[in-house]
1. Which of the following residues is modelled with pLDDT under 50 and more than 19 Å from the chain's Cα centre (by Cα): Lys3, Lys29?
2. Looking at (1) under 20 Å from the mean Cα position of the chain (by Cα); (2) modelled with pLDDT under 95; (3) surrounded by fewer than 23 Cβ atoms within 10 Å (Cβ to Cβ), which is the one condition that is false for Arg244?
3. Within the stretch 231-267, take every residue that is touching a Pro at 6+ places or on another chain (Cβ under 9 Å) and part of a strand (DSSP E or B) and give me the one that is farthest from Gly316 (Cα to Cα).
4. Being outside any strand (DSSP E or B) and either under 16 Å from the mean Cα position of the chain (by Cα) or over 21 Å from Tyr293 (Cα atoms) (or both) is the filter here; which residues of the stretch 303-338 pass it?
5. Tell me, which residue of the stretch 211-226 that is surrounded by fewer than 14 Cβ atoms within 10 Å (Cβ to Cβ) and in contact with a strand residue (DSSP E or B) (Cβ under 8 Å, 6 or more places away or on another chain) is nearest to Val259 (Cα to Cα)?
6. Restricted to the stretch 108-156, and to residues that are under 22 Å from Ile56 (Cβ atoms), acidic (Asp, Glu) and not in a helix (DSSP H, G or I), which residue is modelled with the lowest pLDDT?
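The values are calculated or read from the model by the stated rules, or taken from the named source; none is laboratory data. Fair warning: this is a prediction, and the values are worked out from it, not measured in the lab. Reconstructed Cβ throughout: ideal geometry from the backbone, glycine too, with neighbour counts over all protein chains shown.
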Amino acid sequence: MKKYTIFIGFLSFLLFFGLLGNVANANEKERDEYTFGEIEQLLVNYLDKNGNNLEIGTPDFTEFVINQMHYDSDQKLAKLPEYHLFVAYFAEYLHQLSLFETEIMAEYNPSTISSDSSIADKTVLDYSGEKFSMSYLKDVTLGEIKEEILQEEREIAKLQESKQPNSEIMATINVAAARAYATKYYKNYNTAYPRYSNDCTNFVSQILHAGGRKQVTVATTSTLVRDTKYWFIRKRAGDGVWTRSSSWSLVEDLYSHLVRSHTVYTSSNKSNIVSQARPGDVIQFKKSGADRYTHAMWVNNKVAKSSSKIDLLLAGHTNDYLTRSLDDITGYSTYRIIKM
């Protein structure tokens with residue numbers, strides 16, 4: 001009888017704690033159920049606790065986000081179990097910031113920017129005086145944004161399937177001319193163009209254009225064209241205000257434009273990327289935990305590091321490089337080449 005009682009007690013113990021475990025799992029919030037407002041508050045709490053008094057939307061915070069995406073620079077943050085939530089937030093932050101700056105660029109007067117050296121190093125956001133915030137996404141969940149992105153990717157896949165070659169825009173990039181441009185402006189930004197807080201795609205577009213890729217324009221007085229069929233930036237007649245396509249400066253919109261006429265290769269294996277890429281191509285990067293690609297660079301060269309090791313040297317902005325080794329880029333997990 002005593003053994004039977006002990007057995008029943010032990011079984012009850014297991015059932016009790018097993019049920020508690022199931023309840024805990026059931027109550028644990030799924031990744032896609034988190035809102036951006038909730039993640040932002042978790043991030044603010046972490047920053048405050050660690051004496052890092054950064055305000056969301058400021059240039060210092062944007063620099064922090066970019067360095068975290070590129071280098072996992074705050075290793076303490078990177079080791080937190082909820083880091084994947086912060087990465088998803090950072091990815092959307094960079095996307096929304098780029099879109100925000102593209103939309104407010106009507107405030108940019110190119111003739112003023114080019115002639116006033118005191119503001120030549122300022123971004124669109126600095127110059128406009130506007131303040132960026134993610135507050136409009138505070139009640140939006142990661143899952144809702146993920147579904148939007150998946151829908152965009154389905155639409156892009158259709159564009160790839162119906163690809164219609166255009167000899168004018170598919171002409172081979174003049175790598176020497178593109179490289180000369182990258183060399184001249186990777187550090188000293190070209191003031192003939194606006195400068196963004198996250199300037200990577202803007203610079204890649206400039207390099208491609210310098211290498212001979214023709215702009216794909218549309219007759220419009222609008223300051224912003226969201227249709228990714230187009231790829232251009234120019235001054236509007238009469239007032240000198242920029243009119244441009246979002247594909248000129250947004251990572252995913254540039255991709256959506258280029259896949260209409262170019263082949264794409266995607267891999268999480270760097271060796272495969274090195275094998276497939278060649279000078280003149282564009283590479284875009286996605287970080288583990290992110291739903292979006294958030295960074296773009298241009299393939300400056302392909303070199304032998306040893307008899308058995310080939311590497312890619314990449315040019316890009318934010319941060320500024322002319323010959324950044326792909327080997328040294330450790331912050332990302334997935335790469336896609338747009339073959340130019």
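1. Working: Lys29 fails: modelled with pLDDT under 50.
Step by step, each of Lys3, Lys29 is checked, and only Lys3 is modelled with pLDDT under 50 and more than 19 Å from the chain's Cα centre (by Cα).
2. Looking at each condition in turn, Arg244 falls short on (3).
3. From the stretch 231-267, those touching a Pro at 6+ places or on another chain (Cβ under 9 Å) are 233, 235, 240-242, 244, 249, 261; that's our starting set.
Filter once more, so that each one left must be part of a strand (DSSP E or B): 233, 235, 242, 244.
On the way: Ile233: 19, Lys235: 24, Trp242: 23, Arg244: 21 Å.
Result: Lys235.
4. So in the stretch 303-338, the residues outside any strand (DSSP E or B) come out as 307-308, 317-320, 326-333.
Within the stretch 303-338, Ser307, Ser308, His317, Thr318, Asn319, Asp320, Ile329, Thr330, Gly331, Tyr332, Ser333 qualify.
5. Among them, the one singled out is Val218.
6. Glu130
Here's the yes/no breakdown for (1) under 20 Å from Arg278 (Cβ atoms); (2) at pLDDT below 95:
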{"residue": "Ala296", "(1), (2)": "yes, no"}
{"residue": "Asn301", "(1), (2)": "yes, no"}
{"residue": "Ser308", "(1), (2)": "yes, yes"}
{"residue": "Leu314", "(1), (2)": "yes, no"}
{"residue": "Asn319", "(1), (2)": "no, yes"}
{"residue": "Ile329", "(1), (2)": "yes, no"}
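Yes/no matrix, rows are residues, columns are (1) among the small types (Gly, Ala, Ser); (2) over 28 Å from Glu63 (Cα atoms):
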{"site": "Asn272", "(1), (2)": "no, yes"}
{"site": "Pro279", "(1), (2)": "no, yes"}
{"site": "Val299", "(1), (2)": "no, no"}
{"site": "Lys305", "(1), (2)": "no, yes"}
{"site": "Ile310", "(1), (2)": "no, yes"}
{"site": "Leu314", "(1), (2)": "no, no"}
{"site": "Ser333", "(1), (2)": "yes, no"}
{"site": "Arg336", "(1), (2)": "no, no"}
